[in-house]
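Read through the structure below, which is laid out as structure tokens, and then see the notes.
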Protein chains: 2
Amino acid sequence: MFHLPLHRLLLASLTLAPLAHTARADEGMWLFNRPPLAEMKARHGFEASPEWMEHVQRSCVRVSTGGSGSIVSADGLVMTNHHVASDILEKLSSKESNLIEKGFWAAGLADELKCPDLHLDVLWTITDVTERIEGAAKGLGTADAGAAKRKLQTQIEDEAKRARGLHCEVVTLYQGGRYHLYEYKRFEDVRLVFAPETQSAFYGGDNDNFEYPRYCLDATFFRIYENGAPLKAENFLRWSANGAADGELCFVAGHPGSTQRLNTVAHLEYLRDAAVPRATTRLMRAEVWLQTFSGRSTENARIARGDLFSVQNSRKVYVGRLSGLLDPQLFAEKRTAEEKLRAAVEANPEWKAKWGDAWEKIAQGQATAALLAPRYGAVGQGALSLGTETFTFAKDILRLADELGKPSGERLREYGDAGLDALKNAIYSPAPLYPEFEMMRLEMALSGMAETLGGNDPIVLAALAGRAPRARAEECVKGTKLFDIAERKRLVEGGKAVVDACKDPMIALARALDPFSRQMRKKWEDEVTSVERENYAKIAAARFAVEGEKVYPDATFTLRLSYGTVKGYEHNGAPVKPFTTFGGAYAKAEERATEAAYALPKSWLDAKSVLELETPFHFVSTHDIIGGNSGSPVFNRAGEVVGLIFDGNIQSLVGNYGYSDVQSRSVSVDSRGILESLRNVYKTNRLVTELEGSRAKR
Amino acid sequence: MFHLPLHRLLLASLTLAPLAHTARADEGMWLFNRPPLAEMKARHGFEASPEWMEHVQRSCVRVSTGGSGSIVSADGLVMTNHHVASDILEKLSSKESNLIEKGFWAAGLADELKCPDLHLDVLWTITDVTERIEGAAKGLGTADAGAAKRKLQTQIEDEAKRARGLHCEVVTLYQGGRYHLYEYKRFEDVRLVFAPETQSAFYGGDNDNFEYPRYCLDATFFRIYENGAPLKAENFLRWSANGAADGELCFVAGHPGSTQRLNTVAHLEYLRDAAVPRATTRLMRAEVWLQTFSGRSTENARIARGDLFSVQNSRKVYVGRLSGLLDPQLFAEKRTAEEKLRAAVEANPEWKAKWGDAWEKIAQGQATAALLAPRYGAVGQGALSLGTETFTFAKDILRLADELGKPSGERLREYGDAGLDALKNAIYSPAPLYPEFEMMRLEMALSGMAETLGGNDPIVLAALAGRAPRARAEECVKGTKLFDIAERKRLVEGGKAVVDACKDPMIALARALDPFSRQMRKKWEDEVTSVERENYAKIAAARFAVEGEKVYPDATFTLRLSYGTVKGYEHNGAPVKPFTTFGGAYAKAEERATEAAYALPKSWLDAKSVLELETPFHFVSTHDIIGGNSGSPVFNRAGEVVGLIFDGNIQSLVGNYGYSDVQSRSVSVDSRGILESLRNVYKTNRLVTELEGSRAKR
């Protein structure tokens, strides 16, 4: 599934480089303030007006669970994927009422369920602040320049928030080539309207993930509320009357998480030889731990389901990335492109003096990264994470107490004023917590730390405090009071004196690891990140000078526009048709009758006789997307919804490093399949009426 | 399950050290030529006569799939575990006839099924050859001494085989302190008599593995044939009339695989910080690859089942070992014992001069091991393995062609004359091969090599030959003719000229990796193994001088005797009873009704009304065993079978590093449960009569 991998932080240095080539075919994840107007016109005869762009931009949402979505009715109805929503569905579930298993439907407005820990962001404005950021770093050495830029980013966010009250983020583009201020309308009252059962939403399970053809209803609807009532949406995407046709031009607007398409060769080698293998191995390890935990009881399986799904999904993504990186062909192409650009820089004395050393400097930074990564990763890459809810509370409570004593710009970036509300909401989350699960995850993290660094490393000695990982995890989880929201509030509101006096074992664990985490973070920022920022900025400048600025930056989990067409492909010499149908789902269930993953739920079996079996269910298209795009709307020239992105095929997984339209495809649920199933499988009349009411009249 | 982990070779240097303490409680895996006569008499009043020892020794078998077994009738009937036999059951299965799923019962002697790739070894004689081996190394430097000893080991094996025609192995004990020549009667005509369905044999699946209480019939019966007829066994264990009672003294004779109970502290740190974490991670990685492959179809799941089971089993073992190694208490005890012994050596000038440097030398060897291990492991630790059947054929064909040109003692150890017959049998194995599975495993190995060493390592470049791992695996598997037994024979019989001229891509892959593998092996043998042999021999001598020679050597997958009693234990403060019953199995199935792993097979459901539900099914005992002991008989003072070892509980998994009788327990199927299920669930009257016929009359 193409949501943002939970574990993207595992990759220590997903740096974002400018493009080595101009876009080809329907390539590109384009900025909304730099849309590919000329390319769309030349390739497809489509002219996007500024009004069209703004309407689309303000109809899209970024989902805080790591995905995308869109507003699809005048009453703030939001469409996204079930797998983007599933974290929330789990938090709304209990042993007795399992929404993951059974699905959910709010028969009336009053039945819509308020969601914990969920907010939706609508991108309102973008401002280029590059000159201001670069100005702050003039004349400083690499590490100081990096620190000055980070400080100014926080200041700009704080200023903007004070000025207009929106949620503000300064986004680093081209890995340091540009800085844009993004201001979002943030919605925190979001309610669940409809979700299918997982057996339909994730039909085919991990086996079928990233495969095609597919037959899963990976869709969920939320509603945005404002002042206790449904949002009166000025911008939303209407439902298409007819869906998309084979070969039709359409668009995807969403939040691709990260790409590394034009990292330097040395940087890609670091990813190939260190970062990606390490991340893949860690995911596989987590998968086995989670499966072992899940096997112990049905309730354990319910509790761990979300983590397991997320880890399995990311594991497939990383295996795909690895296989891309291990293809010598990829490196041959990257090497040729890099040599060409470097030759152009070498040939111009002024350019050579300004930018000529950038590649070598980045290579040095990567060599440093390879040395630092195990210890940097062990303490959560400076974010201090052990993959455990109560430890995360402890860490944030501890750091908040320390950081709030400093001016916003001097703090660790994530404790700046602009993000404080969201952070406190997270600490006060009412979502259910499970001690046994906390213990397992903490043991997994502590043991992993020792496995990576060895039992005599000072970080490990501090973490284990003389105990084996399991004993230490039990001590912390059984002893902590952080399961209690009131206790978390008491500590946050009490501030530094109260936190310093707190003897909670989970806080103590965070306290023991905090100095290592801060130290490794500073080292990494000074010797890796700042080096990358400075030198990728040079490469970006070189690229712009040689090729012009008509390139898109690598993905940054910010809103991007992709264009492409509905289109089949060939696999093992046989054609794969662009559309699947409801009939295909029933055929598949018969073909794999002995396997639980392919059993259709009762709702679908019951509805078979009334369904139009020729209804299009899924389609594939050439859009250039990646993890984070899950839940993105697919819409036509008129801005009408024709589909819902939820996945890419297996061939698309090398997309981190480059785009191809030969076999790589995006996978969407067809708007007609969504509507027909809402009507005849789930009988959600109110929702059908709302979507039909928004439908464009032709 | 306590069979020998398939992947034990993953552990680069499981060195075997002499004991730091004298045996306590019922500790010990005792040599048959040094039985613990005094201990058994003192603790349990039992006197084992030489005749008793020899009778037991010659009633036991070592199973070539990596387990233990015993002869239990005068007609050569052999009892072992289903999970020890399952590799053979898979080789006897096809898509159409799945013995793993359905089980097997030979109604008449003529129906007994000849097993491919299986031989059973009965230990006939043991001779101490330490003086001869040590004499060969006199005055040589460390590496040369190591090489001279290895060469002489092969010569002694060849001589003995020529002299008496038995299968001969020189066993290194006390990691170099002693060398014993073991001569075995080898039986290669072994036929399958009975196996239950896996749903009964592995009831509870991976969840319940290494847990207790348990309810699985992990038993299988083979029969040894000689000259086409059932073996007339001179030695066999009779079936007990009454089984074992709570608290009763009994014995286990079997083949524990390896322990590291008294490695030096530095050596244990290497295991904790490098070897065991790396092996654990590789197992988890393999588990995920195998599960992904299995998920694609029911047939894939059938094909991969054995590998998946073996990997999951080993993973549980390694997680258990890791948690033991990560317990600071363990290291504190080891450190105290080591300091005590070193102090005794330091206090005696003669001892100090002879042995005083041994600990430091081993620490240096371990530091070298940590550096060499990734590359040494990548090429199969000098054995050159990529975990793929056809590659293994290719490697053995290639190496045989090279090695047979040298005298036996000059060859790589495993190509010495004494082992040639077994090696050729393995190359000519008629067991089924599956191209898709070969491709997956080869891709997994090639990718793993690149993930570990990086894409620019010469080993990786040689292995991939300019292709991505998947493409390279396809090229080799699709292009090789080694699926054909006749082609394998042609190459082996053709010898070096024919093999040199062979362009088979799998042979070419082996040829590309062979020099690296030999080079790494020589480096490892010279700088790690030889250092360990030399210096552990010193430590052994020091130990014998200080504490006397009344210690057992670490396990070496050779026959050992353990004694102990049937005994429950406490877990989380609650008592765990020593016996389970058939009734417990039905209760468990009800309790976990929604989980496939806990469904009882039809045979058991059908038999419920005729079964005596109070029949003992399993029991736990204090015997000191470890992986490789699976299938060992448990017998009483009279030498009568009362149980069948198949597992240890989760608390026993730290047994590699030390023994405790507080919670650690061996788990056996009760002889009464076996007989009752054969009679009333499987209705195998012929087998029941044979076992009852052998039963001791009381």
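Values quoted throughout were computed directly from the atomic coordinates according to the rules given, and no laboratory measurement underlies them. It should be emphasised that the depicted structure is a prediction, and the values quoted were computed from it without experimental measurement. All Cβ positions, even for glycine, are placed from backbone atoms using ideal geometry, and neighbour counts span all protein chains on display.
Numerical summary
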{"item": "Equivalent-ellipsoid semi-axes of segment B:117-189, from the Cα gyration tensor, Å, largest first", "result": "26, 11, 11"}
{"item": "Amide hydrogen neighbours beyond the local backbone of A:D128, cut-off 5 Å, H modeled", "result": "A:L181"}
{"item": "Which of B:D402, A:D484, A:D121 has the fewest Cβ neighbours within 10 Å, and the rest in rising order", "result": "A:D484, B:D402, A:D121"}
{"item": "Proximal lysines to A:K523, defined as alpha-carbon separation beneath 19 angstrom and excluding residues fewer than eight positions away on the same chain", "result": "A:K149, A:K151, A:K361"}
{"item": "When the convex hull of its Cα atoms is projected in every direction, mean area for segment B:480-526 (nm²)", "result": "3.9"}
{"item": "Contact order relative to length of chain A, as percent, for alpha carbon pairs under 8 angstrom and 6 or more apart", "result": "27"}
{"item": "Positive-pole candidate from A:Y659, A:L644, A:T581, dipole of segment A:547-670, charges at beta carbon", "result": "A:T581"}
{"item": "Evaluated at q = 0.26, 0.29 Å⁻¹: base-10 log I(q)/I(0), Debye formula over Cα of segment B:423-475", "result": "-0.90, -1.01"}
{"item": "Rounded Å value of the spacing that divides the Cα centres of segment A:47-105 and segment A:257-273", "result": "31"}
{"item": "Kirkwood hydrodynamic radius of chain A, from inverse mean 1/r over distinct Cα pairs, in Å", "result": "26.1"}
{"item": "Efficiency of FRET from Cβ geometry, B:A343 and B:N242, R₀ 60 Å, rounded to 0.05", "result": "0.70"}
{"item": "Anisotropy class of segment A:234-348 from Cα gyration tensor, a/c 1.5 cut", "result": "oblate"}
{"item": "Cα-based reach from A:K354 at 20 Å (exclusive), listing aspartates and glutamates while leaving out same-chain residues under 8 positions away", "result": "A:E131, A:E134, A:D144, A:E338, A:E339, A:E346, A:E532, A:E534, A:E547, A:E549"}
{"item": "Pseudo-label separations to other copies for B:K608 - Cα-to-Cβ vector, 7 Å, nm", "result": "3.1"}
{"item": "Among the listed pairs A:K95/A:K316; B:K406/B:K496; A:K185/A:K496, those beyond 22 Å (Cα-Cα)", "result": "A:K95/A:K316; A:K185/A:K496"}
{"item": "Amide H within-cut-off set for B:H571, under 5 Å, with H built and near neighbours excluded", "result": "B:V576"}
{"item": "Estimated vicinal HN-Hα couplings, Hz - segment A:546-552 in sequence order (Karplus 6.51, -1.76, 1.60; Gly, Pro = x)", "result": "7, 10, x, 9, 7, 10, 9"}
{"item": "Cα principal axis extents for segment B:43-84, largest first, Å", "result": "35, 26, 14"}
{"item": "Candidates per trypsin sites (Lys or Arg not before Pro) in segment B:65-108, loop by DSSP, up to 13 other Cβ within 10 Å", "result": "B:K95"}
{"item": "Rg ratio (alpha-carbon, reference 2.2 N^0.38 Å) - the protein assembly as shown", "result": "0.97"}
{"item": "Estimated inter-spin distance, A:A596 and B:K503, nm [label 7 Å along Cα→Cβ]", "result": "5.1"}
{"item": "Label 7 Å beyond Cα on the Cβ vector: B:F544 copy-to-copy distances, nm", "result": "7.9"}
{"item": "Relative compactness, segment B:603-670, computed as alpha-carbon Rg over 2.2 N^0.38 Å", "result": "1.32"}
{"item": "Placed amide H near B:H623: partners under 5 Å, 5+ positions off or other chain", "result": "B:T565, B:S666"}
{"item": "Inter-label distance, nm, simple model (7 Å from Cα along the C-beta direction), A:E547/A:R518", "result": "4.2"}
{"item": "Backbone N within segment B:105-148 under 15 Å of label point (7 Å from B:N235 Cα along the Cβ vector)", "result": "B:121-127"}
{"item": "Global form of segment B:493-632, assessed from the alpha-carbon gyration tensor, a/c cut-off 1.5", "result": "oblate"}
{"item": "Lysines with Cα under 17 Å of B:K577, excluding same-chain neighbours fewer than 8 positions away", "result": "B:K567, B:K588"}
{"item": "Value of relative contact order over segment A:173-252, rounded to a whole percent, pairs C-alpha under 8 Å and six or more apart", "result": "28"}
{"item": "Electrostatic dipole magnitude of the protein assembly as shown [Cβ: Lys, Arg +1; Asp, Glu -1; Cα centre; debye, to 20]", "result": "940"}
{"item": "Pairwise centroid distance, computed over Cα atoms, of segment A:632-683 with segment B:314-378, Å", "result": "58"}
{"item": "Karplus-derived 3J(HN,Hα), 6.51/-1.76/1.60, for each residue of segment A:136-146, Hz, glycine and proline x", "result": "5, 9, 3, x, 8, x, 4, 5, 5, 4, x"}
{"item": "Of A:K352/A:K550; A:K91/A:K481; A:K102/A:K608; A:K114/A:K161, those spanning more than 24 Å from alpha-carbon to alpha-carbon", "result": "A:K114/A:K161"}
{"item": "For segment B:341-358, 3J(HN,Hα) per residue [Karplus equation, 6.51 cos²θ - 1.76 cosθ + 1.60, θ = phi - 60°, Hz, x = Gly/Pro]", "result": "5, 5, 5, 5, 5, 4, 6, 10, x, 5, 4, 4, 5, 7, 10, x, 8, 4"}
{"item": "Loop-located GluC sites (Glu not before Pro) in segment B:522-567 whose Cβ has at most 14 other Cβ within 10 Å (DSSP)", "result": "B:E549"}
{"item": "Residues of segment A:521-562 with amide N under 20 Å of a point placed 7 Å along Cα→Cβ from A:E350", "result": "A:537-550"}
{"item": "Most positive-pole-ward Cα, B:G306, B:Q260, B:P277, against dipole of segment B:253-334 from beta carbon charges", "result": "B:G306"}
{"item": "Low-density loop cleavage sites - trypsin sites (Lys or Arg not before Pro) in segment B:108-212, where at most 12 other Cβ are within 10 Å (DSSP)", "result": "B:K138"}
